[in-house]
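Peer 1: Quick one: the structure is below, questions incoming.
Just so you know, all these numbers are worked out from the coordinates, no wet-lab data involved. Because the structure is predicted, anything quoted here is derived from the model rather than measured. Cβ coordinates were reconstructed from backbone atoms using ideal geometry, including for glycine residues, and neighbour counts include every protein chain displayed.
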């Protein structure tokens, strides 16, 4: 069996799960670092593992453009291409097409667009999205969906929901791999009746896992938080639940509280490259002059390389001088921070104290925004 | 004693040495990776150590501008600032001022110039160069010298040689640290009588080590090779001999043959960031399309992370996609290559077969240029 999922623990709506992907055990709730182009930007595979991550995300749109799905396939798939011995989830490519590609047109058949790299005219259909992800050989693939921007007309939102259901059904039909688990993506923005409708239609197709898409696309964190638990409740209870593209440490804690099992976001890695570090008290901008002579570590509680070996003063200098080691060390730190937050959340669920853990964490995040 | 140097072996002019800097043993001939701003660009301290390097170079001019010698001093010196437990040599800053700073004027007093970062008006004298390096706390400091461009008028060259002697004497007078060893820099370009004059004057000042400056500044490798052994012969035999800013693997082999003990150059690290790798057969440009589907390692003989874990195809992809991991892996590889070449050279000297080792290496470097 390519995938199994069990739920050994629960605390309120928060779930403690074990996801096994081809022998690789992943405890949930889990945060997946984003490795857009076959590399988590700035760090080696060994450094990824040291942050506690065994499951990373690859971006199908980016990989299909460079180096191309056929090349990756001919080189033994994405795991072998990047020599990653953990598990990989790929997105469908849809979200990136809508946000990055040029001249994008969507109808029930699929999406046509021009590459943001060289302007080549390309097409992505549900069948093609599955084919590309099977060539990449990820452990979890995602159905193509339409993710409308926040605040669009109800009619457009309904069309996107119906199209996402149609496409999920076609993806299910097209899937051939027994090595890959295909997850569906429920849309519906903050409209709970649409969320319920979409979840029920997709549940009937019996996917091995379900994602909530269309969050963190422009609505406020409060708007998301208000509908998240109910949106999650429409999903099958015994399948993994993945909240796509979310987010801030606060959002992860709230997502866990709402019964979410899996998360991904560029925030820890992208912020690291810009000099912003996450610590229990919130965010730290290492370029700020206040750190210039500060001999304390970024986070005295953190076991990572940046925090055990280096000072804020040194990190400040690296970012001021635009040295690569700044983004490298801070990427290691931020992923360790996210990984630690997930590990602590799992321990809290296990011990039946997740809600107080979550509240304590949020209270400490005075500077978090 | 801050430094000791012994010569346990010799093979022709090639020397096997042991340099001990505050308890840190460094076997020579040695190549020093360049860590301009308190970091060898793109890699962690642990990764530096894994390439075999225990002695790195810091650039005084750059560090004096960012983060500043006083700050580094107040944070415990450069070793502690960057948390490097190996040894450090700093240059005097002169060479960078002449090549990077604006409005540079030189007279016997010193050099005045504007910072290339913010245009601040600054001055560097022999005394100031020593003071800054003592604040940085490097294990080996270099005297301020004047390094004229290759091909300058003989009169200008003579002035530079005399000024370098004057400045070396003033540096010697100014040095206070018992923890730091101050090396002199012999100038004279390819003029052997000037090299001899300069070396004799500086030898009389009894420095713990001597460098050859003014090479690799515009002359051809053949012009350098033609005078290198004789230039080195003017230096005291029982002191370390350092050929500054050189260079290509071929130049290192020729330098060792000429009796040089220490080298530094940005070539392995800078080339790595541009996608050029060094292998025994010469240079490999990883951006070239020929590597696109190549599943072989960059160098099957190399024990580094890039060569044992990754393919040329993956490295090609990383450089095509401008991913940080490309420069990171190639920096690790190129420094491992340089370190291995030095280790093999030392073994060859020990076994009395350096000349045949050098010829074999040069014969393999078909693509080296």
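Peer 1: If the elastic network links every pair of Cα atoms under 10 Å, which of B:359, B:273, B:312 fluctuates the most in the Gaussian network model of chain B?
Peer 2: Taking springs between Cα atoms under 10 Å, the residue moving most is B:359.
Peer 1: Could you please rank A:66, A:15, placing first whichever residue has the fewest other Cβ atoms within 10 Å of its Cβ?
Peer 2: Going from sparsest to densest Cβ surroundings: A:66, A:15.
Peer 1: Using a 10 Å cut-off around each Cβ, can you sort A:34, B:161 from fewest to most neighbouring Cβ atoms?
Peer 2: A:34, B:161
Peer 1: Moving on to the next point. Place the label 7 angstrom along Cα→C-beta at residue A:281 and in each other copy, then list the distances from the first to the rest in nm, shortest first.
Peer 2: Label-point distances to the other copies, shortest first: 5.6 nm.
Peer 1: Among A:258, A:347, A:64, determine the one that fluctuates most according to a GNM of chain A built with springs between C-alpha atoms less than 10 Å apart.
Peer 2: Judging by the Gaussian network model, the answer is A:347.
Peer 1: Taking the simple approach of a point 7 Å from Cα along Cα-to-Cβ for both residue B:25 and residue B:80, what is their distance in nm?
Peer 2: Using points 7 Å along Cα→Cβ, the separation is 2.8 nm.
Peer 1: How far is residue A:360 from itself in the other copies, in nm, if each label sits 7 Å out from Cα along the Cα-Cβ line, shortest first?
Peer 2: 6.3
Peer 1: Running a GNM on chain B with Cα contacts under 10 Å, which residue among B:178, B:120, B:90 ends up with the highest mean-square fluctuation?
Peer 2: Looking only at B:178, B:120, B:90, the largest GNM fluctuation is found for B:120.
Peer 1: Going by a ≥ b ≥ c, the root eigenvalues of the Cα gyration tensor, does the stretch A:1-156 fall in the rounded group (a/c under 1.5), the prolate group (a/b larger than b/c) or the oblate group?
Peer 2: On the way: a/c = 2.00, a/b = 1.33, b/c = 1.50.
Because a/c hits 1.5 or more and a/b fails to exceed b/c, the stretch A:1-156 counts as oblate.
Peer 1: Sticking with this one: With both bridge residues required to lie in the stretch A:30-263, what share of the DSSP beta bridges run antiparallel, to the nearest 5%? Before the final figure, lay out the partial values.
Peer 2: Working: 7 of 27 bridges.
Percent antiparallel among DSSP bridges in the stretch A:30-263 is about 25.
Peer 1: Let me ask something else. Evaluate E = 1/(1 + (r/R0)^6) for residue B:116 and residue B:49, where r is the Cβ-Cβ distance and R0 equals 30 Å; express this FRET efficiency to the nearest 0.05. Could the numbers behind the result be given before it?
Peer 2: Numbers: r = 31 Å, r/R0 = 1.04.
Given R0 = 30 Å and the Cβ-Cβ separation, E is 0.45.
Peer 1: Quick check: Cα centre of the stretch B:63-102 to Cα centre of the stretch A:111-163, how many Å?
Peer 2: 51
Peer 1: Arranged by the count of other C-beta atoms within 10 angstrom, fewest first, what order do B:190, B:220, A:159 take?
Peer 2: By the 10 Å Cβ count, ascending, the order reads B:220, A:159, B:190.
Peer 1: Rounded to whole Å and sorted largest first, what semi-axes of the equivalent ellipsoid does the C-alpha gyration tensor of chain A yield via the square root of 5 times each eigenvalue?
Peer 2: Output for chain A: semi-axes of 32, 24, 20 Å.
Peer 1: Based on the Cα atoms of the stretch B:76-223, what semi-axes does the equivalent ellipsoid have, where each is the square root of 5 times one gyration tensor eigenvalue, given in whole Å with the largest first?
Peer 2: Values: eigenvalues 119, 73, 44 Å².
Equivalent ellipsoid of the stretch B:76-223: 24, 19, 15 Å, largest first.
Peer 1: Also: Using a/c under 1.5 as the rounded threshold, could you call the stretch B:215-342 rounded, prolate or oblate? The axes a ≥ b ≥ c are square roots of the C-alpha gyration tensor eigenvalues, and prolate needs a/b larger than b/c, oblate otherwise.
Peer 2: Working: a/c = 2.82, a/b = 2.38, b/c = 1.19.
Prolate shape, in that a/c is at least 1.5 and a/b is the bigger ratio.
Peer 1: What is the distance in Å between the Cα centroid of the stretch A:1-23 and that of the stretch A:297-336?
Peer 2: 33
Peer 1: So, one more: Helix-only estimate, please: 222 nm mean residue ellipticity of chain A, summing -39500 (n - 2.57) across DSSP H runs of length 4 or more and dividing by its residues, to the nearest 500.
Peer 2: When only DSSP H runs of four or more count, the value is -12500 deg cm²/dmol.
Peer 1: Packing-wise, with mean Cβ within 10 Å as the measure, how do A:164-175, A:108-119 rank, highest first?
Peer 2: Those peptides, ordered most packed to least, come out A:164-175, A:108-119.
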